[in-house]
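Down below is the structure, laid out as structure tokens.
The values are calculated or read from the model by the stated rules, or taken from the named source; none is laboratory data. Because the structure is a prediction, the values reported are computed rather than measured. So basically every Cβ, Gly included, is an ideal-geometry build from the backbone, and we count neighbours across all protein chains shown.
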Amino acid sequence: MPLDDFYNKIVALEEFNIEVESIDIINKYGYYLVGLLRKQLQEGKDADGKSLLAKYGSDYSDYTVFNKERRGVSLGKETGYVTYFMTGAFYTSLEVIAAGDTFSITSPVPYLSSLEAFSGSKRFLELNQEHLTEFSEEILVPQLQLRLNAALNK
């Protein structure tokens with residue numbers, strides 16, 4: 001019997017597909033990744049930890065400052081640094097798309113391409129290394145361990 005158990009564990013390890021399991025975990029816990037990106041954007045930082053930029057530099061234009069102070073809500077009133085927040089529609093619509101061996105965070109708002117043009121980069125929708133590590137340590141690795149243990153103990 002001990003050799004049968006050992007053989008079953010080898011088979012379970014061979015059948016365990018870490019890519020498929022990882023993508024499933026990312027899809028299941030996408031809200032956590034979105035929360036990390038929101039936090040990063042609220043701090044005015046991009047994936048490289050640099051300050052987010054507006055089209056003309058690190059400051060909003062006078063017109064944008066006027067509109068944010070007049071019509072912005074909560075973080076939308078922030079004018080000291082770029083946050084890409086005005087009404088909150090962009091922030092609330094952020095979603096994770098995971099397939100194959102990659103994932104991305106995007107938004108269906110019709111003005112997403114304008115935000116990308118405004119920033120001059122798509123990097124503002126990417127997580128920095130600190131947040132990727134946090135997700136890995138808090139969610140991904142523990143969930144993979146649980147799934148692997150379940151597969152081994154069938």
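The figures follow:
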item	result
Within the range 1-27, tally of residues that are touching a residue at least 60 places away in the same chain (Cβ under 8 Å), surrounded by 13 or more Cβ atoms within 10 Å (Cβ to Cβ), outside any loop (DSSP other than H, G, I, E, B) and not aliphatic (A, V, I, L, M)	5
Residue that is surrounded by the fewest Cβ atoms within 10 Å (Cβ to Cβ) [pool: residues in the range 111-127 that are touching a residue at least 60 places away in the same chain (Cβ under 8 Å) and hydroxyl-bearing (Ser, Thr, Tyr)]	Ser121
Filter pass, Thr64 being more than 30 Å from Glu19 (Cα to Cα) and either in a loop (DSSP other than H, G, I, E, B) or touching a residue at least 40 places away in the same chain (Cβ under 8 Å) (or both)	no
Residue count, the range 49-77 (criterion: buried (at least 17 other Cβ atoms within 10 Å of the Cβ) and not aliphatic (A, V, I, L, M))	5
Residue pairs meeting the criteria (Cβ under 6 Å; at least 6 apart or on separate chains; first closer than 12 Å to Leu37 by Cα, in the range 86-110; second surrounded by 15 or more Cβ atoms within 10 Å (Cβ to Cβ) and basic (Lys, Arg))	Tyr91/Arg38
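Yes/no matrix, rows are residues, columns are (1) β-branched (Val, Ile, Thr); (2) assigned to a helix (DSSP H, G or I); (3) modelled with pLDDT of 95 or more:
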| site | (1), (2), (3) |
| --- | --- |
| Gly80 | no, no, no |
| Thr87 | yes, no, no |
| Ser113 | no, yes, no |
| Thr133 | yes, yes, yes |
| Val141 | yes, yes, yes |
